[in-house]
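Written out below as structure tokens is the structure these notes cover.
Coordinate-derived values only; no laboratory data. These figures come from a predicted structure and were not determined experimentally. Here Cβ is always computed from backbone atoms with ideal geometry, including for glycine, and neighbour counts include all displayed protein chains.
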Amino acid sequence: MDEISESANVPKKQVGKTYRFLSRKLNFKLKPTFPKDYISRFASNLGLSGEVQAKAIEIINQAIDVGLNIGKGPTGIAAAALYIASVLLSERKTQKQVAEVSNVTEVTIRNRYMELSEKIELVV
């Protein structure tokens with residue numbers, strides 16, 4: 001909804017109302033998004049390699065296995081996983097660069113980074 005709102009220059013609240021209206025009238029449901037859905041686009045916008053993308057997906061899979069994705073925004077998890085993967089594979093991007101591409105705050109990336117590194121025992 002954030003991306004549609006920004007692109008259409010329409011308040012997010014209005015996008016949500018319109019989505020719910022269309023969903024009821026047309027009887028359809030969109031599947032929820034997952035962190036993996038964002039990796040390719042974010043990595044491409046950051047100029048990261050396929051190796052970094054694969055590592056980020058591996059990190060996300062580990063996060064899902066320990067339930068770290070529950071109650072967390074998928075873009076924040078994807079952004080943190082890409083940040084970690086870029087550091088681990090020496091294609092380092094700053095938290096600011098990743099935040100700008102993923103449209104999340106640097107604080108979100110830091111928080112997800114801390115959670116991921118603790119829960120799945122990554123040494124970054």
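Measuring from label point to label point, each 7 Å out along Cα→Cβ, what is the Met1 to Met114 span in nm?
Here the modelled spin labels are 2.8 nm apart.
Work from the charge dipole of the stretch 36-119 (Cβ charges, +1 for Lys and Arg, -1 for Asp and Glu, about the Cα centre) and give the residue of Val52, Tyr38, Val104 farthest towards its positive end.
So the residue we want is Val104.
Evaluate the distance, in nm, between pseudo-label points positioned 7 Å from the Cα of Ile64 and of Arg41 along their respective Cα→Cβ axes.
1.8
In debye, nearest 20, what is the charge dipole magnitude of the chain about its Cα centre with +1 on Lys and Arg Cβ and -1 on Asp and Glu Cβ, if you could check?
Approximately 760 debye in magnitude.
Quick one: grab the alpha carbon gyration tensor of the stretch 1-43, order the square roots of its eigenvalues as a ≥ b ≥ c, and give me rounded if a/c is under 1.5, else prolate or oblate depending on whether a/b is larger than b/c.
oblate
What is the list of residues in the stretch 18-51 whose amide nitrogen lies under 15 Å from a point 7 angstrom out from the Cα of Ser90, following Cα to Cβ?
Zone members listed by number: 49, 51.
Over the stretch 36-119, what is the mean sequence separation of C-alpha contacts under 8 Å (at least six apart), divided by residue count, expressed as relative contact order in percent?
RCO, the stretch 36-119: 34 percent.
Sorting Phe42, Phe21 on the 10 Å Cβ count, fewest up front, what's the list?
So the ranking, lowest neighbour count to highest, is Phe21, Phe42.
How many Lys pairs in the chain lie less than 17 angstrom apart by Cα atoms, where the lysines are 8 or more positions apart or on different chains?
Total qualifying Lys-Lys pairs in the chain comes to 8.
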